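What follows is calculated from the coordinates using simple rules that are stated; it is not laboratory data. It should be emphasised that the depicted structure is a prediction, and the values quoted were computed from it without experimental measurement. Here the Cβ positions follow ideal geometry from the backbone for every residue, glycine too, while neighbour counts run over all protein chains shown.
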Amino acid sequence: MAFFVQQNQPLDIKLISEAMDIGQKEVNKALTKLADFGWINDEGYEIRLCIPRQKPRESLDEINIELLDPEQKGFEWLVNFWANRVAPPTPEEMKKLLFWVEKKQVSHEVIAVAIEEMCASISQPNFGYLEGVLRNWVNEGVFNYDQLLDKPYLTKVLRQPEMTAIHPEAERKWKEFFPDEFDS
């Protein structure tokens, strides 16, 4: 549903049904439940996402329901990251992102760094380039952020800037102006 909001398109129950591999009847039931709890407004000609009215604070603390598990939250964050850095993802791009997260077991943090690497390397970011970066990293055994940090040579965006040599004349002038800071 968030995809349709990001694309500024009306909700397409058939497309949701196909993408989730469930029947349209189940999608309609789920939409009804969302409407019952105030998450969507289905009055009028369009279904719109909305934030339900807040309940008193005690009620919210008592009901600690997680709608998304950590992997789903990570994927949602990744889709939003792609949308903010590149463009709103197409359904095909979302499927490919999901492939890398679920099938290849690459963490959303690593994919985000790959997106940054792509944006830093080419002027017209595209999914083919991103997949090339991810393939190289998976071949090097990188699936999570710690593994990527252990191999800094794989990425430009995570490398620490190398110390450049100080020009001798600049160093001499600095020592001249601040003699107390040096143990000459």
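Once the Cα-Cα distance is subtracted from the 0.36 nm per residue extended length, the N80 to E176 segment shows a gain of 29.3 nm. For the residue pairs K14/K73; K151/K175; K95/K151, the C-alpha atoms sit more than 26 angstrom apart in K151/K175; K95/K151. A cut-off of 5 Å between modelled amide H atoms, ignoring neighbours fewer than 5 places along the same chain, links L11 with I47.
Here the 3J(HN,Hα) profile of the stretch 82-87, calculated from phi with Karplus coefficients 6.51, -1.76 and 1.60 at θ = phi - 60°, is 4, 4, 6, 8, 10, 5 Hz, Gly and Pro shown as x.
How much of the calculated P(r) for the stretch 71-184 lies past 17 Å, in percent of all Cα pairs? Please report the intermediate quantities before stating the final value.
Values: 3892 of 6441 pairs.
More than 17 Å apart: 60 percent of the Cα pairs in the stretch 71-184.
Here the simple spin-label model places points 7 Å from the Cα toward Cβ, and for T90 and D150 these points are separated by 3.7 nm. Between the amide H of I40 and those of A35, C50, distances stay under 5 Å, these residues lying 5 or more places away or on another chain, with hydrogens modeled in the peptide plane.
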